[in-house]
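Okay, so here's the structure we're looking at.
The values are calculated or read from the model by the stated rules, or taken from the named source; none is laboratory data. Since we're looking at a predicted model, the values are computed, not measured. Here the Cβ positions follow ideal geometry from the backbone for every residue, glycine too, while neighbour counts run over all protein chains shown. Each accessible area value is taken on the protein alone, full model and side chains, heavy atoms only, with ligands, DNA and RNA left out. Shrake-Rupley method; radii C 1.70, N 1.55, O 1.52, S 1.80 Å.
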Amino acid sequence: MLIQPFVLTPFQQNTRIVACKTTRRAICIDPGEASEAIVDFIDENGLELLAITLTHGHLDHVGGTTYLSGAFPDAEIILHRDDEDLYYGLPDQPLFLGVQPAQLKALGLEYERPPKLTRNWEHEEVYAVGNLEFSVRHCPGHTRGHVVLAEMNEKKVFVGDCLFAGSIGRTDLPGGNYEQLIESINSNILSLGDDFIVYSGHGQETTVGRERATNPFLTGAYNVSRGKYI
Ligand SMILES: [Fe+2]
């Protein structure tokens with residue numbers, strides 16, 4: 001598996017091109033913003049972009065969809081149905097984060113309505129990219145329609161904003177639910193096994209084993225109902 005990260009947006013989001021080295025077929029997981037570097041990377045490495053695969057609908061994960069889809073119009077655009085409201089409401093998302101309309105342009109957060117989705121993810125579907133096979137798992141909690149993509153042979157999982165090295169996704173935005181997120185992480189990520197490498201939407205890579213052993217939200221060290229360490 002070829003994995004090329006691009007750290008984009010004021011939110012330092014990890015956009016990734018993921019490709020099968022044998023067939024050169026590729027996907028872009030979560031294009032955060034318009035990026036010529038991504039288009040150049042695909043072209044210069046002779047990759048065929050099959051799809052723009054979205055883990056969830058937040059602006060820092062879908063903001064580059066219009067640009068990338070314009071460069072590769074044959075690529076599918078796939079998102080879980082429960083995040084369609086976020087996706088199609090992209091132009092309004094910065095306002096929900098408290099950004100003033102007059103500031104949108106200066107912050108690079110001025111969006112047009114993104115292109116129509118090709119289809120929706122289904123929980124437990126297997127999505128093939130050349131010889132790679134991704135198990136798609138619906139993981140609500142950070143957003144209603146969040147999914148993670150797990151490649152079972154190479155033991156790598158792309159978790160978007162569900163899980164981070166030492167932390168978990170925020171649950172205070174619309175559609176967020178703390179108990180649901182913990183349940184999603186337990187059933188769909190920790191269950192993969194300790195040797196899986198975890199690729200998050202922000203920050204460094206980690207492993208399932210490291211997070212199971214040390215992540216305070218998963219070990220019980222942090223008690224969210226009391227809002228402090230116990
Ligand atoms: Fe997010």
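Computed over the chain, the per-residue total of -39500 (n - 2.57) for DSSP H runs of n ≥ 4 gives a 222 nm mean residue ellipticity of -5000 deg cm²/dmol, rounded to 500.
If a/c stays under 1.5 just call it rounded; otherwise compare a/b with b/c (prolate if a/b is bigger, oblate if not). Do that for segment 28-96, with a ≥ b ≥ c from the square roots of the Cα gyration tensor eigenvalues. Prolate shape, in that a/c is at least 1.5 and a/b is the bigger ratio. When segment 62-201 is described by a simple charge dipole with +1 on each Lys and Arg Cβ and -1 on each Asp and Glu Cβ, the residue from Pro174, Phe72, Tyr111 located farthest towards its positive end is Tyr111. Each of Leu97 and Lys21 was given a label point 7 Å from its Cα along the Cα-to-Cβ line. The distance between the two points is 3.5 nm.
Model label sites at Ala128 and Asn186, defined 7 Å from Cα along the beta-carbon direction, differ in position by 3.6 nm. Electrostatic tally near Pro91: other residues with Cβ closer than 9 Å to its Cβ, Lys and Arg +1, Asp and Glu -1, net -2.
Length gained on full extension, Asp85 to Ala37: 14.4 nm, using 0.36 nm per residue less the C-alpha separation.
For the chain, the solvent-accessible area of protein heavy atoms averages 45 Å² per residue (probe radius 1.4 Å; ligands and nucleic acids excluded).
Could you please state how large a percent of the accessible area of segment 106-230 is carbon and sulfur, counting protein chains only and using a 1.4 Å probe? Don't jump to the answer; show the numbers that get you there.
Values: 2800 of 5910 Å².
Carbon and sulfur: 47 percent of the exposed surface of segment 106-230.
Using 0.36 nm per residue and subtracting the Cα-Cα separation, the extra length available between Met1 and Ala71 on full extension is 22.9 nm.
Counted by Cβ distance under 15 Å from Leu107, the other residues give a net charge of -3, where Lys and Arg count +1 and Asp and Glu count -1.
For segment 1-86, the residue among Cys20, Pro10, Ala34 whose Cα projects farthest onto the positive side of the dipole built from Cβ charges is Cys20. A simple packing score, the average count of other Cβ atoms within 10 Å per residue, orders the peptides 200-208, 173-181 as 200-208, 173-181, with the highest score first.
Could you give the dipole magnitude of the chain about its Cα centre, charging the beta-carbon of Lys and Arg +1 and that of Asp and Glu -1, in debye to the nearest 20?
Numbers: 18 positive and 31 negative charges, 108 e Å.
For the chain, the charge dipole is close to 520 debye.
Percent relative contact order of the chain, based on C-alpha pairs within less than 8 angstrom and at least six residues apart? Spell out each step's value before the answer.
Numbers: 497 pairs, mean separation 33.5, N = 230.
Once divided by the residue count of the chain, the mean separation gives 15 percent.
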